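One structure below.
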Amino acid sequence: MASKVRSEPVMIIDDLSHLVLTYIAAVESCGGKLSVEALNAYGKQPERIIFNDMYAGQAGRGVLISAQVSSENDEPWISDEAFDRFLSRLHWIEVSDGAVHLTQLGKAVLEAANSANLEGDSTIEVLIDPSNQFAYAQVMNKIAQVGESLVVDPYLSAETAIDLAQIHTVKRVLTGDRNIRKLQGRFSIVMRSRSDFEIRYLDQKSLHDRYVISEAGSVIVLGSSLNSIAHRQGVITPLDRMGSKFISEAYEKLWQQSSLLNDVSESKETDFPAS
């Protein structure tokens, strides 16, 4: 049964830094290279500067929401630490060959920030319980409730593919290339059972998390691979609007880059440990 857990919001990142990390991730997801100069220019002023005729002055969000600290005389101090130094100091980015890249730590912080609910409420739907014989059915029912969707599971099994194909709202499935040559025959049979159902694959290293991404824009995160639900505890968590938009756009690009099953030629058959 689903349950709601309310928790006090804990801010581990300010709004502007969150915006800058999202900017870096967006550039990287498109294969672009972001220079230190471009990073700092965006962080200093990410929006157009507005000129106020009445006060004959200029203002922009980069200045307005810079970190401020009150002194003993309550006079504001504004941080002038460049974003490349700030984010490097926290090990959220690294700079190589003149380009900025998110570290694994930076990606984790960004994912946590995207998953945070704007109102401070964290809704966790606890559905994955290995002692519950109906856990798998409950998860599949939750997926069906999302509406027309793309399911991302790096470790999809043939059995799970069959079950997903029986959910008419699931239109697309993206998985990793683990043993794809062994699985392609069974996946192809599943696809032939429904003309509007498609399975594609991507390099295993490009996928890690599991998502159900609705065509309407909402996203839920699966705590474990669908083929291991009956064996480990986990949760299903909905993302907020900002996080859902970010994940939807990123995985739509990955879907466009993914391979069709009939493109399988020399895919590796190496086993990867499911996680």
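Here are the numbers:
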| quantity | calculated |
| --- | --- |
| Residue in the stretch 88-111 that is modelled with pLDDT under 90, of a type in the set (A, V, I, L, M, F, W, C) and touching a helix residue (DSSP H, G or I) at 6+ places or on another chain (Cβ under 9 Å) present | yes |
| Residue list for the stretch 87-96, filter: touching a residue at least 40 places away in the same chain (Cβ under 8 Å) and either more than 10 Å from Leu39 (Cβ to Cβ) or exposed (fewer than 15 other Cβ atoms within 10 Å of the Cβ) (or both) | Trp92 |
| Residues that are out of contact with any helix residue (DSSP H, G or I) (no Cβ under 7 Å at 6 or more places or on another chain) and open to solvent by 40 Å² or more (accessible area, probe 1.4 Å), drawn from the stretch 210-229 | Glu215, Ala216, Gly223 |
| Tabulated pairs, the stretch 188-212, first of a type in the set (Gly, Ala, Ser), second open to solvent by less than 60 Å² (accessible area, probe 1.4 Å), C-beta under 6 angstrom, 6+ apart or interchain | Ser188/Leu261; Ser193/Ala165 |
| Selection within the stretch 198-209 - touching a helix residue (DSSP H, G or I) at 6+ places or on another chain (Cβ under 8 Å) and among the polar types (S, T, N, Q) | Ser206 |
| Condition met for Arg181 (on the phi < 0 side of the Ramachandran plot and surrounded by fewer than 18 Cβ atoms within 10 Å (Cβ to Cβ)) | yes |
| Meets criteria (in contact with a helix residue (DSSP H, G or I) (Cβ under 7 Å, 6 or more places away or on another chain), of a type in the set (D, E, K, R) and at pLDDT below 90) for Arg232 | no |
| Tabulated pairs, the stretch 136-152, first of a type in the set (Ser, Thr, Tyr), second open to solvent by 40 Å² or more (accessible area, probe 1.4 Å), C-beta under 7 angstrom, 6+ apart or interchain | Tyr136/Ala230; Ser149/Lys171; Ser149/Glu215 |
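The values are calculated or read from the model by the stated rules, or taken from the named source; none is laboratory data. This one's a predicted model, so the numbers in the text were calculated from it and none came from an experiment. Reconstructed Cβ throughout: ideal geometry from the backbone, glycine too, with neighbour counts over all protein chains shown. Areas reflect the complete protein model, heavy atoms only, side chains present, ligands, DNA and RNA absent. Shrake-Rupley method; radii C 1.70, N 1.55, O 1.52, S 1.80 Å.
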